[in-house]
1. What's the FRET efficiency of I13 with Y80 using the Cβ-Cβ distance as r and R₀ = 30 Å, to the nearest 0.05?
2. Angle between the Cα long axis of helix 123-141 and the longest principal axis of the chain, 0 to 90 degrees, nearest 10?
3. For the chain, modelled as a GNM with alpha-carbon contacts under 10 angstrom, which of Q27, Q82, Q52 fluctuates the most?
4. Can you give the local net charge around V24? Use residues other than it whose beta-carbon is closer than 12 angstrom to its beta-carbon, Lys and Arg +1, Asp and Glu -1.
5. For Cα extents along the principal axes in Å, the listed values are (i) 44, 44, 29; (ii) 59, 36, 27; (iii) 94, 28, 22; which was obtained by calculation from the structure presented?
6. Once every DSSP H run of n ≥ 4 in the chain is given -39500 (n - 2.57) and the sum is divided by its residues, what mean residue ellipticity at 222 nm do you get, rounded to the nearest 500 deg cm²/dmol?
7. Can you tell me the orientation of helix 35-46 relative to the chain, as the angle in degrees between its alpha-carbon axis and the longest Cα principal axis, to the nearest 10?
8. Find out how many positive minus negative residues lie around I83, taking Lys and Arg as positive, Asp and Glu as negative, among other residues whose Cβ is under 10 Å from that of I83.
Amino acid sequence: MKYEPLDNIGIFIHSIDLAITNYVNNQLAPFLLTSEQNLIMALLWRREGISQNEISAKLNKDKAGVARMIAALEKKGYIYRQICPSDRRSVEVYLTEKGRDFGKDVIPINRNITHRISKGMTSEEISELRRLLMKVRDNVSQT
C-alpha cells in the first residue's frame, strides 16, 4: 500500500475543525465571544451551578484552559464563581443577569450555526457521522 502523507483522515478532520471554528468565531465576533467561551456559556444557559471540573470534563478540555476562559467570561460580566457549600474545594459557575440576557442574542446564533453545519444531512447521517468520529477518537485514545 502506497503511503500518501496528505491523504490522511486526521488531516481532513483537522481542516474541517479549523473551518468550523473559523465560521463559528466569525458568527460570534460581534458579541466578542470566542467559540470556546461560547461552549461554556452554552453549558450554563442549559444549567447553572456546574463546577469548573464538570465543565472541563463535558468539554474535554484541560482544567487550566477552562479556568482561563471562565476568568475571561467573568471579566466580561457574564458569569461569577462561587465556592460549593458542600465541597469547599469545588468552584461552581453561575450566570449573571447580563449573562442570562446575553443568551437571548447568542442562543439563536448557536442554533443557526448548528443548522448550517448539518445543512442537507438527515438525522441518520448526523448519527452515523457522530458514530464514525467517535470511533476515530477512540482509536487515537487507545495506548
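Please treat every number below as a calculation from the coordinates, not as lab data. This is a predicted model, so every value here is computed, not measured. Backbone-built Cβ (ideal geometry, glycine too); neighbour counts: all protein chains shown.
1. After rounding, the FRET efficiency stands at 0.25.
2. 90
3. Between Q27, Q82, Q52, it is Q82 that shows the largest mean-square fluctuation.
4. Here the charged neighbours net out to -1.
5. Here the calculated entry is (ii).
6. Calculated mean residue ellipticity at 222 nm is -21500 deg cm²/dmol.
7. Between the helix axis and the principal axis of the chain, the angle is about 60 degrees.
8. Local charge sum for I83: +1.
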